[in-house]
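The values are calculated or read from the model by the stated rules, or taken from the named source; none is laboratory data. Quick caveat, the model's predicted, so the values are computed rather than measured. With ideal geometry, Cβ positions are generated from the backbone for all residues, glycine too; neighbour counts draw on all protein chains shown.
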Amino acid sequence: MNNQSSLENIPSKQGFIIGSYEIGKTIGKGTFGKVKLGVHIKTQEKVAIKVLEKERICDVSDVERVSREIHILKLIRHPNIIQLYEIIETPKKLYLIMEYASGGELFDYIVKHNKLSEHESCIFFQQIISGIEYIHKLLIVHRDLKPENLLLDEKNNIKIVDFGLSNTYKLDETLKTACGSPCYAAPEMISGKSYKGIEVDIWSAGVILFAMICGYLPFEDSNTSQLYKKILAGDYKFPKFISKDAKEFLKNILNTNPDERFTISRIRGHVWYKQIKEESKPGILIGYDHIKIDISVLLQLRNYNYDLDYVKKCLEADKHNEVTTCYYLLLKRHILNSGSFCIEAPLLPNKKFLLNALPGNYCDDLLPIFKNTKKRKTESTGDTDSNDKYRHEDKMYSKTRHEHNISVEPPKSFYSLSPNCKMKKLKPITRPKAATPKPLNVYKAIHMKFKNNPLRIGEINPIYFPSYKIKSNWKSSRNT
């Protein structure tokens, strides 16, 4: 992680430079900051820069959420998942330099075309399934798959984004946290039951497929309690124009019984899915697979005065820095220009690196810890995380996005399915104004762990931000 403290005095406006990037217009907004369009100065390639304001990350749960998201992004390398290039730190902000997808959101693409053909929907769905299969090989669950979190690149390929509600889990472990967007949430999740990560992600993918083919969501209601009842009952209707194979396929994916719901293998074996030959995209399992290096692109880095041996070592060790970013941006340009991938003979991964890079271990430059973190009082249900919330906007699919920020979960009374099924009107949770942070000190801390940390083996080393003290009476929860 690069420390660019000298650049913090530059005003936060369009056109200023941070690290090797010129920051441009705002292209998105998030809970903790904005997403800016950036340009890598050396290669003139576009990147997306997620700007996180530290003073807004004031709660313990927020620190954990940001830390977990960055850790997960560092583990992932797949053609249909957005890539994290580099992290730049200043005293007041974190800049996540990420792959830029110029095609916009799948949500806007569906709205623009009203609905998609089954042929095009199948192509998109295959790419979504490929990404889901990959993250679950790494034992990562997304939990917030929806068209707003699926971007399109220059060639209309899917890029899965926003791992803010994601988490890691152990093999055969069930999760309890109810989170995400209600219209895309699986019935077992909203009913408060334990669930398997891959099953809820497959359900969400099925809802997305329904929206692509039909042009509207299967479960939609302005009354939140009625929405949940529809999801639990699997109450939805198909349009007349949908094909018989597509109808059967969707029925098996949107099965309210998770044990009978289609698995990845059964999805791939269905006749509707096989109407188009699927392109193999296995991705890279960091710490297990050798990272292939394109020699022709590597040689181009000489033009930027980089030492090729150093570049090669950084790439093989999966570093996220200026050197590797320059390589991947040049590689992306090379592939877009229909260049072939030219690799050298593979080398065996470094054993020491394998131990440090396995899923479940934080890398040395993972994430700073913030000072003055406070635990916010929020509405919660059971053992759910206070930072993961539900939100439902009372508008139609074609007119609004479905988000989860600043919201609450279904109240406990809904889980009991009381006879009147009445729910009180949910009040949004407002984020308290962050206290003025104390002067920041850079130091190194070893043996510090997160509360409720699902990656219990991991230690944060080093720490570049001021620390927050963990209370001794905090209880760790295994099912996060």
- Some residue of the range 118-135 being among the charged types (D, E, K, R) and under 16 Å from L73 (Cα atoms): yes
- Checked pairs for the range 264-285, first under 16 Å from H136 (Cα atoms), second charged (D, E, K, R) and part of a helix (DSSP H, G or I), C-beta under 6 Å and 6 or more apart or across chains, list as I264/E133
- Query: Could you count how many residues in the range 69-90 are over 19 Å from V35 (Cβ atoms) and either among the aliphatic types (A, V, I, L, M) or surrounded by 20 or more Cβ atoms within 10 Å (Cβ to Cβ) (or both)?
  - Reply: 4
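Of all residues in the range 239-285, how many are assigned to a loop (DSSP other than H, G, I, E, B), polar (S, T, N, Q) and under 24 Å from G197 (Cα atoms)? Walk me through how you get there before you give the answer.
Pass one, the range 239-285, residues assigned to a loop (DSSP other than H, G, I, E, B): 239-243, 254-263, 270-272, 276-285.
From what's left, polar (S, T, N, Q): 243, 255-257, 263, 280.
Now restrict to residues that are under 24 Å from G197 (Cα atoms): 255-257, 263, 280.
Count: 5.
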- Message: Looking at the structure I just gave you, is S102 in a loop (DSSP other than H, G, I, E, B), of a type outside the set (D, E) and in contact (Cβ under 8 Å) with a residue 24 or more places away in the chain?
- Response: yes
- Residue check for E148: touching an Asp or Glu at 6+ places or on another chain (Cβ under 6 Å) and either buried (at least 24 other Cβ atoms within 10 Å of the Cβ) or not in a strand (DSSP E or B) (or both): yes
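Suppose we filter K319, K281 for residues that are in contact with a Pro (Cβ under 6 Å, 6 or more places away or on another chain) and modelled with pLDDT under 95; which single one remains?
On the way: K319 fails: in contact with a Pro (Cβ under 6 Å, 6 or more places away or on another chain).
Criteria check complete, one pass: K281.
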- Note on the structure: Among strands (runs of 3 or more DSSP E) entirely inside the range 13-67, those with 2 or more residues being at pLDDT 95 or above, farther than 26 Å from T177 by Cα and not assigned by TED's automatic domain parsing to the domain that holds Y85 are none
